[in-house]
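Structure, as structure tokens:
The values are calculated or read from the model by the stated rules, or taken from the named source; none is laboratory data. It should be emphasised that the depicted structure is a prediction, and the values quoted were computed from it without experimental measurement. Note that we place each Cβ from the backbone using ideal geometry, even for glycine, and neighbour counts take in every protein chain shown. All accessible areas refer to the heavy atoms of the entire protein, side chains included, with ligands and DNA or RNA removed. Shrake-Rupley method; radii C 1.70, N 1.55, O 1.52, S 1.80 Å.
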Amino acid sequence: QVQLVESGGGLVQPGGSLRLSCVASGSTFKFYNMGWYRQAPGKQRELVADITNARITSYADSVKGRFTISRDNAKNTVYLQMNDLKPEDTAVYYCNSAPARLGYWGQGTQVTVSS
């Protein structure tokens with residue numbers, strides 16, 4: 001069983017940046033494709049970025065060019081660098097495998113973009 005702990009969220013003004021981190025337990029992290037997901041109030045959870053175990057990345061159109069996903073297998077950590085944040089990026093952000101596994105959801109980290 002993998003446990004995932006997200007951190008790094010907060011309140012930021014439009015145009016600002018945040019870096020999210022997700023630390024995974026267990027020794028099999030490096031074999032997983034990983035993703036960052038978000039859920040805004042009243043909306044379904046969506047995948048915003050994912051990275052394979054070979055570090056191939058892909059992004060939702062809404063964040064392409066602004067967000068960067070990366071991973072450090074030595075630290076069992078996946079990151080999401082978010083630049084030029086917009087109010088519509090406000091959501092709870094979660095990491096999970098890609099595709100997501102039901103039992104892996106953590107508490108998430110809140111990102112609020114507001115002036």
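Could you tell me which residue of segment 53-69 is least open to solvent (accessible area, probe 1.4 Å), considering only residues that are within 25 Å of Gln13 (Cα to Cα) and of a type in the set (Lys, Arg)?
Of the residues in segment 53-69, the ones within 25 Å of Gln13 (Cα to Cα) are 59-69.
From what's left, of a type in the set (Lys, Arg): 64, 66.
Values: Lys64: 117, Arg66: 24 Å².
Here the residue is Arg66.
Among the candidates Asp89, Asp72, Asp50, the residue that is over 20 Å from Val113 (Cβ atoms), acidic (Asp, Glu), at pLDDT 95 or above and crowded, with 17+ Cβ neighbours inside 10 Å is uniquely Asp50. Every condition in (1) in contact (Cβ under 8 Å) with a residue 60 or more places away in the chain; (2) open to solvent by 90 Å² or more (accessible area, probe 1.4 Å); (3) more than 17 Å from Gly103 (Cα to Cα); (4) part of a loop (DSSP other than H, G, I, E, B) is met by Lys43 except one, and the failing one is (1).
For segment 20-40, does any single residue satisfy the condition of being under 26 Å from Ser115 (Cα atoms), out of contact with any strand residue (DSSP E or B) (no Cβ under 6 Å at 6 or more places or on another chain), open to solvent by 70 Å² or more (accessible area, probe 1.4 Å) and not basic (Lys, Arg)? Scanning segment 20-40, I find no residue that is under 26 Å from Ser115 (Cα atoms), out of contact with any strand residue (DSSP E or B) (no Cβ under 6 Å at 6 or more places or on another chain), open to solvent by 70 Å² or more (accessible area, probe 1.4 Å) and not basic (Lys, Arg), so the answer is no. Here Gly15 fulfils each of the conditions (1) free of Cβ contacts under 8 Å to residues at least 40 places away in the same chain; (2) part of a loop (DSSP other than H, G, I, E, B) apart from (1). Look at (1) in contact with a Lys or Arg (Cβ under 6 Å, 6 or more places away or on another chain); (2) over 16 Å from Tyr94 (Cβ atoms); (3) open to solvent by less than 30 Å² (accessible area, probe 1.4 Å) and you find that Gln81 fails only one, number (3).
Just one of the listed residues (Val48, Val111, Val63) is in a loop (DSSP other than H, G, I, E, B) and among the hydrophobic types (A, V, I, L, M, F, W, C), namely Val63. In this structure, Tyr79 qualifies as hydroxyl-bearing (Ser, Thr, Tyr) and in contact (Cβ under 8 Å) with a residue 24 or more places away in the chain. Taking the numbered list (1) in a strand (DSSP E or B); (2) of a type in the set (S, T, N, Q); (3) touching a Lys or Arg at 6+ places or on another chain (Cβ under 7 Å) in turn, Asn53 passes all entries but (1).
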